[in-house]
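The values are calculated or read from the model by the stated rules, or taken from the named source; none is laboratory data. Note that the structure is predicted; figures quoted are calculated from it, not measured. Using ideal geometry, Cβ is built from the backbone for each residue, glycine included, and neighbour counts are taken over all protein chains shown. Accessible surface is based on the protein model in full, side chains and every heavy atom, while ligands, DNA and RNA are left aside. Shrake-Rupley method; radii C 1.70, N 1.55, O 1.52, S 1.80 Å.
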Amino acid sequence: MSAHENDSKRLGQALKRARLTAGFTGVEAARRAGMSQPKISRLENAVQTPGLDDLDTLCSIYGLSPGERDELQALTESLHRTVESSRSIRKGGGSHLKQLQIGRVEADTSVLRYFQPSTVPGLLQTAEFTRRIYGFTLEGEKLVAAMRALQQRQNVLYDQDKSFTFILTEQALRWRLAPNPVMAAQLHHIASLSTLSNVTVGIIPWSAEVEEAPLHGFEIFDDRLVTVGLKTATISFTEPTDIKRYVDLFDSWKQSAALNDDAREHLSRIARDYDS
C-alpha cells in the first residue's frame with residue numbers, strides 16, 4: 001500500500017472514529033452535515049477525500065478540538081496535493097509516457113486553461129521549437145518518442161467540443177530558446193492557432209499593470225484539477241479551495257491580457273523583432 005493510500009485510510013478511520021465518539025449514526029451525521037449518507041460512507045472508507053469545507057463541517061458536528069482539526073486538515077491538504085518528481089517521471093517510463101498521461105487528462109476535460117510566464121505551452125509548440133526545448137535534456141529515441149507523444153496531444157486542439165484559453169506573458173515569447181527563425185515561426189504558429197473558434201490566446205505585454213506577480217505556470221482542467229510544472233517536479237491540486245485560487249489568478253491575468261486580434265498584433269510585432 002502506498003503512502004497516499006495509507007494516509008487516505010487513516011483519514012477515513014479518523015472521521016469514522018470521531019462520528020462514533022460523538023454518538024451519531026451515518027444517517028444522522030449526514031443530516032447534520034447536509035450531506036448524503038453514501039457520501040459519509042465514502043469518506044470513511046477512503047473512497048473519496050473530503051474537501052476542506054466538508055472536513056470543517058464534520059469537525060464542527062463531531063466537536064473535535066482545535067488540535068484534532070489541525071491534524072485532520074493537514075492530512076486532507078496533503079491528500080489533495082500530489083507531487084511527482086522529475087526523477088520518478090524518468091523511472092516511470094520517461095517524458096513520452098508523461099505526455100501521454102497529460103493527453104488523457106486533456107481528453108477528459110471540456111474547459112482547459114493554461115498560464116505560462118516563461119515559455120510556450122506544449123500544445124502551441126511547433127515541431128522545431130519542441131525539438132530545441134526537449135533537446136536540452138533528451139536525445140536519440142527518447143527525444144523522438146517525446147516529440148511524437150506531444151504531437152499526438154496537439155490534435156486535441158481541433159476538438160470543437162473543447163474550449164482552450166492560453167494566457168502568456170510577453171517574456172514567455174521573448175526568451176530566445178531557439179535561433180531567431182525558429183522563434184519567429186513559433187510566434188506565427190501561435191497566431192494561426194488563435195484563429196480556431198475554440199482557442200483563445202492572450203498576451204500580457206510588458207507594459208500591462210497586473211495585480212500579482214506570476215511565479216510559475218499552471219494548467220486548469222475544468223474546475224477539478226490544477227497542475228503546476230516546476231523544474232524538478234509536477235504538483236497536482238484537487239482541493240476546491242486551491243483550484244478556486246488558481247481560477248481567480250487566471251481570470252485576473254486574463255483581464256490584463258491582449259486577446260484575439262490584439263494578441264495577434266503583439267505576436268506579429270515580437271515576430272518582426274526576431275525577423276529583423
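Mind listing whichever residues of the range 108-124 are in a loop (DSSP other than H, G, I, E, B), open to solvent by less than 30 Å² (accessible area, probe 1.4 Å) and under 20 Å from PRO214 (Cβ atoms)? Spell out the reasoning first.
The initial filter retains those residues of the range 108-124 that are in a loop (DSSP other than H, G, I, E, B), namely 108-110, 117-121.
In the following step, the residues that additionally are open to solvent by less than 30 Å² (accessible area, probe 1.4 Å) were identified as 109, 117, 120-121.
Listed by number, the residues that qualify are PRO117, VAL120, PRO121.
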*Would you point out the residue of the range 38-62, among those that are over 30 Å from the mean Cα position of the chain (by Cα) and within 18 Å of GLN13 (Cβ to Cβ), that is surrounded by the most Cβ atoms within 10 Å (Cβ to Cβ)?*
TYR62
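Among the strands (runs of 3 or more DSSP E) contained in the range 201-273, which hold 3 or more residues that are within 21 Å of ASP53 (Cβ to Cβ), touching a strand residue (DSSP E or B) at 6+ places or on another chain (Cβ under 9 Å) and open to solvent by less than 40 Å² (accessible area, probe 1.4 Å)? Steps first, answer last, please.
On the way: elements: 218-221, 225-229, 233-237.
So the answer is none; nothing clears 3.
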*Could you count how many residues in the range 153-173 are open to solvent by 60 Å² or more (accessible area, probe 1.4 Å) and either charged (D, E, K, R) or not in a helix (DSSP H, G or I) (or both)?*
2
_Residue pairs meeting the criteria (Cβ under 7 Å; at least 6 apart or on separate chains; first within 20 Å of ALA185 (Cβ to Cβ), in the range 131-156; second in a helix (DSSP H, G or I) and open to solvent by 100 Å² or more (accessible area, probe 1.4 Å))_ = MET147/ARG131
*Which condition does HIS188 not pass, out of (1) part of a helix (DSSP H, G or I); (2) open to solvent by 50 Å² or more (accessible area, probe 1.4 Å); (3) closer than 22 Å to ARG224 by Cα, if it passes all the others?*
(3)
*Inside the range 48-82, can you point out the residues that are under 18 Å from GLU28 (Cβ atoms), not hydrophobic (A, V, I, L, M, F, W, C) and not in a helix (DSSP H, G or I)?*
PRO50, GLY63
_Any hit, the range 86-107, residues being at pLDDT 85 or above, closer than 30 Å to THR200 by Cα and open to solvent by less than 50 Å² (accessible area, probe 1.4 Å)_ = yes
